[in-house]
Amino acid sequence: MKILVLCSGGLDSTTLLAMAANEAGNDNVVALNMFYGQKHAKEQEFAVFQCEKYGVELLNADLSEVFRFNKDCCALLQGSKREIAHKSYAEQLAELGGSGTVSAYVPFRNGLFLSYATAVAIQLECDVIYYGAHADDAAGRAYPDCTPEFIEAMQNAIYEGTGGKVKMEAPFWNSNKAGIVKIGKELGVDYAHTWSCYEGKEKPCGTCGTCIDRKAALVANGIYNID
């Protein structure tokens with residue numbers, strides 16, 4: 001089995017990378033990192049670090065052209081006038097009445113990533129694409145391209161669209177972030193060399209939604225010594 005891993009350099013995808021390398025061996029894993037025009041590329045530094053650590057080839061793609069039409073559709077995009085929200089996802093969803101996309105949602109980003117990855121997977125003769133969506137991001141449809149409905153639809157589209165040559169798996173679809181860290185601890189993942197913050201500063205801000213979720217997941221697993 002040969003696995004293509006969507007690898008951002010964040011906590012979730014690094015755990016997925018470790019899982020893939022453990023399951024298939026590093027020679028049978030390829031990582032794919034996407035630049036989509038985000039305000040910083042800090043995560044990419046950590047993707048490089050982790051792929052070197054696991055001895056996995058890292059491919060890079062620039063898909064930023066797709067998001068040039070309306071920068072203000074997402075707070076994460078370069079040139080956007082929208083501010084990154086410095087509050088938990090629960091607070092953000094409460095402001096939306098319990099359901100709705102948050103300001104960090106990039107329009108159909110994961111659909112785009114998976115489509116691109118599928119074309120690459122066929123060329124590299126990969127059997128499976130690993131995608132790190134999880135239940136916390138799906139909650140309240142904050143990120144609708146992380147929901148079980150989206151995952152199932154994309155799995156069918158990828159399988160049918162490749163004539164059954166490529167499958168997509170989302171091993172964490174029913175896990176929360178704490179559950180992902182639990183798996184990563186068992187695999188010996190170095191979370192100090194991952195990046196989750198939406199701000200691209202020297203250190204994580206600690207107050208954006210993903211920083212808050214990250215810290216809670218680490219603490220839930222007894223990890224207190226990293227941001």
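The values are calculated or read from the model by the stated rules, or taken from the named source; none is laboratory data. Here the structure is a predicted model, which is why all the values come from computation and not from measurement. Here Cβ is always computed from backbone atoms with ideal geometry, including for glycine, and neighbour counts include all displayed protein chains.
Kindly indicate the residue of the range 11-36 that is among the charged types (D, E, K, R) and surrounded by fewer than 21 Cβ atoms within 10 Å (Cβ to Cβ) and also nearest to residue 185 (Cα to Cα) among those meeting that condition.
The selected residue is 23.
Does the range 3-42 hold any residues that are in a strand (DSSP E or B), more than 26 Å from residue 84 (Cβ to Cβ) and in contact (Cβ under 8 Å) with a residue 40 or more places away in the chain, and which are they?
3, 4, 5, 30
Tell me, yes or no, whether the range 87-109 has at least one residue that is farther than 18 Å from residue 208 by Cα, modelled with pLDDT of 95 or more and not in a loop (DSSP other than H, G, I, E, B).
Scanning the range 87-109 turns up at least one residue that is farther than 18 Å from residue 208 by Cα, modelled with pLDDT of 95 or more and not in a loop (DSSP other than H, G, I, E, B).
Answer with yes or no whether residue 142 is hydrophobic (A, V, I, L, M, F, W, C) and in contact with a helix residue (DSSP H, G or I) (Cβ under 9 Å, 6 or more places away or on another chain).
When the stated conditions are applied, residue 142 passes them.
In the range 45-66, how many are buried (at least 18 other Cβ atoms within 10 Å of the Cβ) and either at pLDDT below 95 or assigned to a loop (DSSP other than H, G, I, E, B) (or both)?
1
Give the number of residues within the range 122-153 that are over 21 Å from residue 214 (Cα atoms), assigned to a helix (DSSP H, G or I) and touching a residue at least 24 places away in the same chain (Cβ under 8 Å).
Number of matching residues: 4.
Matching residues to (1) free of Cβ contacts under 8 Å to residues at least 60 places away in the same chain; (2) in a helix (DSSP H, G or I):
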| residue | (1), (2) |
| --- | --- |
| 155 | yes, yes |
| 182 | yes, yes |
| 189 | no, no |
| 195 | no, no |
| 200 | no, no |
| 214 | no, yes |
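Looking only at the range 90-112, count every residue that is touching a helix residue (DSSP H, G or I) at 6+ places or on another chain (Cβ under 6 Å), of a type in the set (A, V, I, L, M) and farther than 19 Å from residue 132 by Cβ and tell me the total.
Residues flagged as touching a helix residue (DSSP H, G or I) at 6+ places or on another chain (Cβ under 6 Å), of a type in the set (A, V, I, L, M) and farther than 19 Å from residue 132 by Cβ within the range 90-112 amount to 1.
Can you confirm whether residue 165 is touching a residue at least 24 places away in the same chain (Cβ under 8 Å), surrounded by fewer than 19 Cβ atoms within 10 Å (Cβ to Cβ) and part of a loop (DSSP other than H, G, I, E, B)?
So residue 165 fits the description; yes.
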